[in-house]
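Before any comments, here is the structure.
The values are calculated or read from the model by the stated rules, or taken from the named source; none is laboratory data. Everything quoted here is computed from the prediction, not taken from an experiment. For neighbour counting, all protein chains shown are included, and Cβ atoms are generated from backbone atoms with ideal geometry for every residue, glycine included. All accessible areas refer to the heavy atoms of the entire protein, side chains included, with ligands and DNA or RNA removed. Shrake-Rupley method; radii C 1.70, N 1.55, O 1.52, S 1.80 Å.
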Amino acid sequence: MMKQIFLLLIFFGSLAVFSQKKEAKLNVYTFSEVEKIHQQKPKPVVIFITTDWCKICFGMKQTTIKNEEIIQLLNEQFYFIKLNGEEKKDIIFLGKKFVYKPTGTNTGVHELANELASSNGKIAYPTTVILNSSFEINAQLIGYYKSKKMIKILSKL
């Protein structure tokens with residue numbers, strides 16, 4: 001009897017493992033990686049600009065950015081970059097060096113985030129910036145975008 005229960009546990013345990021879908025993995029690049037691979041295979045670039053303290057950004061990372069259809073679209077048709085708007089490291093992109101600019105005691109904005117996400121001189125988090133394959137800003141999507149709306153936007157590009 002004990003042996004049968006043990007075998008049943010192993011059988012159902014293995015079924016549970018095999019029935020779990022493999023989670024789609026989003027390919028995330030750096031600016032320098034995109035510059036290099038873009039030369040061989042030009043594609044538009046999606047840049048997700050967030051901060052560590054932004055709760056809306058966190059929510060979008062947990063939902064929209066983890067949506068399997070969005071991951072598939074991003075992996076196949078775009079290069080995806082995450083950028084912390086308060087990144088302290090210098091970033092060289094398109095031959096220009098972008099640096100962190102302090103704006104107060106413990107605050108500041110990275111020049112590249114400012115350049116990509118500014119609207120009327122201000123940045124809102126999150127901002128999703130879409131660059132065309134010539135690295136020109138095609139769209140600035142300010143705020144939280146649900147999966148359905150993001151899929152519509154990405155599919156049109």
Per principal axis, largest first, the Cα atoms of segment 55-121 extend in Å by 39, 31, 24
Residues other than residue 152 with Cβ under 15 Å of its Cβ, Lys/Arg counted +1 and Asp/Glu -1, net out at +3
Pairs of alpha-carbon atoms within less than 8 angstrom and 6+ residues apart define the contacts here; what relative contact order does the chain have, in percent? 27 percent
Output the 0 to 90 degree angle, nearest 10, between the alpha-carbon long axis of helix 147-156 and the longest principal axis computed from the alpha carbons of the chain. 60 degrees
Within 10 Å of each candidate Cβ there may be at most 15 other Cβ atoms; applying that plus a DSSP loop requirement, which trypsin sites (Lys or Arg not before Pro) in segment 22-61 survive? 22, 25
Restricting attention to segment 82-157, which trypsin sites (Lys or Arg not before Pro) occupy a DSSP loop and are surrounded by at most 12 other Cβ atoms within 10 Å? 88, 89, 146
With axes computed from alpha carbons, what is the tilt in degrees of helix 2-19 against the longest principal axis of the chain, rounded to the nearest 10 within 0 to 90? 30 degrees
Give me the log10 of I(q) over I(0) for the chain at q = 0.11, 0.14, 0.16 Å⁻¹, as the Debye formula computes it from C-alpha points; what are the numbers? -0.51, -0.72, -0.90
With a 1.4 Å probe and every protein chain kept in, tell me what percent of the accessible surface of the chain is carbon plus sulfur. 57 percent
Above-threshold pairs, the threshold being 31 Å between Cα atoms, out of 101/156; 41/101; 55/88; 25/55: 101/156; 41/101
What aspartates and glutamates sit close enough to residue 43 to cross-link, taking a C-alpha to C-alpha distance under 17 Å and skipping anything fewer than 8 places away on the same chain? 33, 35, 76, 136
Based on DSSP H runs of at least 4 residues, each adding -39500 (n - 2.57), what is the mean residue ellipticity at 222 nm of the chain after dividing by all its residues, to the nearest 500 deg cm²/dmol? -12000 deg cm²/dmol
For residue 79, the net charge from surrounding residues (Cβ-Cβ under 13 Å; K, R +1; D, E -1) works out to +1
